[in-house]
Amino acid sequence: RAKATGGHAVHFYEPHMQAAIDARVALESEIQIGIQRGEFELFYQPQVDLHGATVAAEALLRWRHPIRGLVEPNDFIPVAESSGLIVQLGTQVITAACHKLQDWADDPELAPISVAVNISARQFRDARFVDDICAVLDATAIEPAKLVLELTESALLECVEETAEHMMELKKRGIRFALDDFGMGYSSLYYLKRLPIDQLKIDQRFVSDVLSDPNDLAIVRTIIALAQCLGLRVVAEGVETQATSGFLLAQKCHLQQGFLFSRPLPAAAYEQFMRERQMSLCIPRSDAAVDQ
Ligand code: C2E
Ligand code: MG
Ligand code: MG
Ligand code: MG
């Protein structure tokens with residue numbers, strides 16, 4: 001802590017600031033240990049298409065902390081990002097997601113699924129990022145188009161040249177990109193034109209009140225129309241009510257994601273959800289009689 005010097009003391013750190021810094025340093029080392037111990041786990045949240053079929057899932061990270069229990073990303077991702085640990089953690093995330101895709105590829109009920117993975121700006125810029133992803137693709141032999149990388153606008157803006165370069169290289173491998181939280185950042189339509197983006201995700205802050213707030217309604221309609229004109233797929237996140245879902249369906253929003261369908265689920269529960277859902281959507285098979 002800065003020491004008082006004479007009458008005009010300059011305290012760089014107040015005691016409460018020091019406490020916050022200590023807590024941050026402690027969290028950093030806990031994250032590091034957690035990574036080594038494999039305490040981080042992906043949950044999966046379904047994305048439903050215009051026919052009501054679950055065709056995709058977003059992988060959302062959780063931390064099974066030995067004492068604190070299940071910790072949500074907002075409580076550890078920012079520190080993982082500022083400390084640089086997100087690079088290591090993010091590699092674990094991509095590896096885990098690709099292995100799930102590989103498992104599911106052999107299962108007729110789960111095979112159609114593509115998985116979206118969130119990528120931090122710092123991770124995406126990392127010099128090894130492209131090679132790491134390619135290594136995982138080679139090791140798992142998954143269809144690259146089944147992997148969707150979600151980037152935010154701020155991530156794109158932080159380092160446009162490197163980001164664009166990495167996107168182009170991965171695009172060549174067949175990987176797809178989604179622009180997450182669309183509309184919240186410094187959206188520039190220029191990036192939609194210049195970067196190989198496949199999907200726009202409408203931020204849930206616009207979706208939640210779309211039926212009661214005329215401004216949100218205008219924004220959501222415009223984003224959907226924009227995506228359709230540019231030939232991009234559009235995903236609405238944070239869909240919580242049947243009414244909102246019906247509206248999005250009428251607007252031909254390609255995919256919907258939200259608590260209405262399911263919360264993010266541990267992998268086993270997600271698989272269970274998929275099997276039950278496929279069963280309820282399924283028309284009787286022609287060979288059904290044989291099973292009796
Ligand atoms: P995001 O990518 O925008 O993810 C959507 C968030 O909305 C998730 O929060 C999800 O659980 C939540 N959500 C989904 N449907 C609904 C709904 O109907 N209502 C409401 N109120 N919320 C809904 P979560 O899981 O807490 O993740 C928060 C953020 O943390 C994510 O926002 C993403 O930016 C980040 N994140 C999550 N996993 C990862 C990861 O593996 N790597 C990185 N770099 N970031 C991650
Ligand atoms: Mg949350
Ligand atoms: Mg996301
Ligand atoms: Mg989002």
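The values are calculated or read from the model by the stated rules, or taken from the named source; none is laboratory data. Computed from a prediction, not measured in an experiment: that's the story for all the values here. FYI the Cβ positions are ideal-geometry reconstructions off the backbone, even for glycines, and counts take in every protein chain you see. Accessible surface areas use protein heavy atoms only, side chains included; no ligands, DNA or RNA. Shrake-Rupley method; radii C 1.70, N 1.55, O 1.52, S 1.80 Å.
Could you please tell me which pairs satisfy a Cβ distance under 6 Å, a separation of 6+ or placement on different chains, a first residue in segment 160-179 that is more than 15 Å from residue 137 (Cβ to Cβ), and a second residue that is assigned to a helix (DSSP H, G or I)?
Here the result reads 162/125; 163/156, each pair linking segment 160-179 to a residue that is assigned to a helix (DSSP H, G or I).
Is it the case, given these coordinates, that residue 169 is exposed (fewer than 13 other Cβ atoms within 10 Å of the Cβ), acidic (Asp, Glu) and either assigned to a helix (DSSP H, G or I) or in contact with a Lys or Arg (Cβ under 8 Å, 6 or more places away or on another chain) (or both)?
Answer is no for this residue.
Which residues, taken from segment 78-93, are among the polar types (S, T, N, Q), in contact with a Phe, Trp or Tyr (Cβ under 8 Å, 6 or more places away or on another chain) and open to solvent by less than 60 Å² (accessible area, probe 1.4 Å)?
Selection gives nothing.
Conditions tested, residue by residue: (1) more than 13 Å from ligand 4 (Cβ to nearest atom); (2) surrounded by fewer than 22 Cβ atoms within 10 Å (Cβ to Cβ); (3) among the aliphatic types (A, V, I, L, M).
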site	(1), (2), (3)
145	yes, yes, yes
185	no, yes, no
190	yes, yes, no
195	yes, yes, yes
201	no, no, no
214	yes, yes, no
222	yes, yes, no
239	no, no, yes
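Given the condition away from ligand 1 (no atom under 14 Å from the Cβ), within 22 Å of residue 42 (Cβ to Cβ), under 13 Å from the mean Cα position of the chain (by Cα) and of a type outside the set (D, E, K, R), answer yes or no: does some residue in segment 114-123 qualify?
yes
Scan (1) part of a helix (DSSP H, G or I); (2) open to solvent by 60 Å² or more (accessible area, probe 1.4 Å); (3) more than 12 Å from ligand 1 (Cβ to nearest atom) for the single condition residue 127 breaks and write down its number.
(1)
Go through the residues of segment 118-135 one by one and say whether even a single one is within 12 Å of residue 178 (Cα to Cα) and either within 16 Å of ligand 3 (Cβ to nearest atom) or at pLDDT 95 or above (or both).
yes
Tally time: how many residues in segment 237-264 are among the hydrophobic types (A, V, I, L, M, F, W, C) and free of Cβ contacts under 8 Å to residues at least 12 places away in the same chain?
1
Tally time: how many residues in segment 258-275 are surrounded by 14 or more Cβ atoms within 10 Å (Cβ to Cβ), among the hydrophobic types (A, V, I, L, M, F, W, C) and within 21 Å of residue 248 (Cα to Cα)?
Matching residues across segment 258-275 total 2.
Return the total of residues in segment 28-39 being in contact with a Leu (Cβ under 7 Å, 6 or more places away or on another chain) and open to solvent by less than 30 Å² (accessible area, probe 1.4 Å).
Number of matching residues: 2.
Can you name the condition, by its number, that residue 141 falls short on among (1) open to solvent by 70 Å² or more (accessible area, probe 1.4 Å); (2) free of Cβ contacts under 8 Å to residues at least 24 places away in the same chain?
(2)
Residue check: is residue 96 among the hydrophobic types (A, V, I, L, M, F, W, C), in contact with a Leu (Cβ under 6 Å, 6 or more places away or on another chain), touching a residue at least 12 places away in the same chain (Cβ under 8 Å) and buried (at least 16 other Cβ atoms within 10 Å of the Cβ)?
yes
Quick one: which of 75, 49 is out of contact with any Pro (no Cβ under 6 Å at 6 or more places or on another chain), within 27 Å of residue 254 (Cα to Cα), of a type in the set (Asp, Glu) and open to solvent by 10 Å² or more (accessible area, probe 1.4 Å)?
On the way: 75 fails: within 27 Å of residue 254 (Cα to Cα).
Residue meeting the stated conditions: 49.
Would you kindly identify the helices (runs of 4 or more DSSP H) lying entirely within segment 175-292 that contain at least 1 residues that are aliphatic (A, V, I, L, M), closer than 26 Å to residue 113 by Cβ and modelled with pLDDT of 95 or more?
Filter on segment 175-292 gives 204-207, 214-230, 242-250, 267-281.
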